[in-house]
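The block underneath contains the structure these notes are about, expressed in structure tokens.
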Amino acid sequence: MTQPFTHPVRIYYEDTDFSGAVYHAAYLKFFERGRTEALRECGVSHTELLARGEPLAFAVRKMAVEWIVPARIDDLLTVKTRFLAARGARLALEQEIWREDALIARADVEAVCISLDGRPRRVPRDIVERFTV
């Protein structure tokens, strides 16, 4: 759980507001892509989660975001995702968005493992073990 997983994101016109800066809500999509790709790098896909004996999913429960400097159209960003801890149904993550050597935004994320009816479920041990890569 020490090395961050990275995922590139290119900024398109649709991601920006009238001033040309990335609209604040677009960062949430970038963080989501980073988490999904980090899971995939650990060998955990949404398809696999749904195919388990009891289908599971991850949902964001809490997120604290700090926007530091704006990203702009055509920027190539890197989303870094680090798994910090898994306790019970909760998963703690740290995410950052970088443009080259400049930190653009960061987020502390708490996700929960849930059944398809929305009830919390302990993160399966075999999945937790994959986060320790």
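The values are calculated or read from the model by the stated rules, or taken from the named source; none is laboratory data. Please read these numbers as outputs of a predicted model, since none were measured by experiment. Using ideal geometry, Cβ is built from the backbone for each residue, glycine included, and neighbour counts are taken over all protein chains shown.
Please state which of the following conditions C42 fails to meet, knowing it meets all the rest: (1) within 22 Å of V112 (Cα to Cα); (2) loosely packed, with under 15 Cβ neighbours inside 10 Å.
Only one criterion is unmet by C42, namely (2).
Just to be sure I understand the filter: pairs with C-beta atoms under 9 Å, separated by 6 or more residues or on different chains, first member in region 24-38 and free of Cβ contacts under 8 Å to residues at least 40 places away in the same chain, second member surrounded by 15 or more Cβ atoms within 10 Å (Cβ to Cβ) and acidic (D, E). Which pairs pass?
Cβ pairs passing all conditions: A26/D15; K29/D15.
Would you mind stating whether R82 is over 19 Å from T6 (Cα atoms), surrounded by 15 or more Cβ atoms within 10 Å (Cβ to Cβ), in contact (Cβ under 8 Å) with a residue 12 or more places away in the chain and among the charged types (D, E, K, R)?
no
Is it fair to say V44 is modelled with pLDDT under 95 and β-branched (V, I, T)?
yes
Take the residues in region 113-133 that are of a type in the set (A, V, I, L, M, F, W, C) and in contact (Cβ under 8 Å) with a residue 40 or more places away in the chain, then tell me which one is nearest to G88 (Cα to Cα).
Here the residue is C113.
Can you name the residue in region 85-115 that is over 14 Å from L28 (Cβ atoms) and among the β-branched types (V, I, T) and, of all such residues, is surrounded by the most Cβ atoms within 10 Å (Cβ to Cβ)?
V112
Looking only at residues in region 1-36 that are part of a helix (DSSP H, G or I) and surrounded by 17 or more Cβ atoms within 10 Å (Cβ to Cβ), which one is nearest to the chain's Cα centre (by Cα)?
R35
Quick test of your reading of the structure: A51 fulfils all but one of (1) over 15 Å from the mean Cα position of the chain (by Cα); (2) loosely packed, with under 15 Cβ neighbours inside 10 Å; (3) touching a residue at least 24 places away in the same chain (Cβ under 8 Å). Name the failing condition by number.
(3)
Quick one: is A89 touching a Cys at 6+ places or on another chain (Cβ under 6 Å) and either of a type in the set (A, V, I, L, M, F, W, C) or modelled with pLDDT of 95 or more (or both)?
Against the criterion (touching a Cys at 6+ places or on another chain (Cβ under 6 Å) and either of a type in the set (A, V, I, L, M, F, W, C) or modelled with pLDDT of 95 or more (or both)), A89 qualifies.
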